[in-house]
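The next block holds one structure in the form of structure tokens; read it before the comments.
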Amino acid sequence: MDTESALSMLAALAHPTRLEAFRLLVRNEPDGLATGALVDASQLSQSTFSSHLAILAKAGLVQSRKQGRQQIQRADIDALRALLVYLARDCCEGRTELCAPLLAELTCC
């Protein structure tokens, strides 16, 4: 991952509505959620939420697929993984024992 991609993803997540929508999609992997369910959860209008969804998609964090008459949204877990690795790769100057608490939190729950 390059810096520009990381900044795009971080900027997309730097809004409460988008962050909560992305977290909701991550919790619903691998099935994803219908766009309507995301709109309902956000309590925003369809058009307002669509703008937020488009920003997440443009940043590469959300993928959409058609299923019957519905659009199903899914978190791109590979993109999330790449962002987390990018942020933590040089953690503690390579002294992995200092990153152990972070890794423990990620694996505990």
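Each reported figure results from applying straightforward, stated rules to the coordinates on display, with no laboratory input. The structure presented is a predicted model; accordingly, all values stated were derived computationally and were not measured. For neighbour counting, all protein chains shown are included, and Cβ atoms are generated from backbone atoms with ideal geometry for every residue, glycine included.
Name the residue, out of Arg69, Arg89, Arg74, Arg81, that is in contact (Cβ under 8 Å) with a residue 40 or more places away in the chain and of a type outside the set (A, V, I, L, M, F, W, C).
On the way: Arg69 fails: in contact (Cβ under 8 Å) with a residue 40 or more places away in the chain; Arg89 fails: in contact (Cβ under 8 Å) with a residue 40 or more places away in the chain; Arg81 fails: in contact (Cβ under 8 Å) with a residue 40 or more places away in the chain.
Among Arg69, Arg89, Arg74, Arg81, only Arg74 is in contact (Cβ under 8 Å) with a residue 40 or more places away in the chain and of a type outside the set (A, V, I, L, M, F, W, C).
Could you name every one of the helices (runs of 4 or more DSSP H) located completely within segment 1-86 that has at least 2 residues being β-branched (Val, Ile, Thr)? Can you show your working first?
Values: elements: 3-13, 16-27, 35-42, 46-58.
Passing ranges, in order: 16-27, 35-42, 46-58.
State the number of residues belonging to segment 1-60 that are crowded, with 18+ Cβ neighbours inside 10 Å, at positive phi and without any contact (Cβ under 8 Å) to a residue 40 or more places away in the chain.
Number satisfying all stated conditions: 0.
Does Ala41 satisfy being within 24 Å of Thr3 (Cα to Cα) and among the small types (Gly, Ala, Ser)? Break it down into steps so the answer makes sense when it comes.
Numbers: within 24 Å of Thr3 (Cα to Cα): no; among the small types (Gly, Ala, Ser): yes.
The answer is no for Ala41.
Yes/no matrix, rows are residues, columns are (1) in contact with a Gly (Cβ under 6 Å, 6 or more places away or on another chain); (2) under 23 Å from Leu106 (Cα atoms):
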{"position": "Ala11", "(1), (2)": "no, yes"}
{"position": "Arg18", "(1), (2)": "no, yes"}
{"position": "Val39", "(1), (2)": "no, no"}
{"position": "Ala79", "(1), (2)": "yes, yes"}
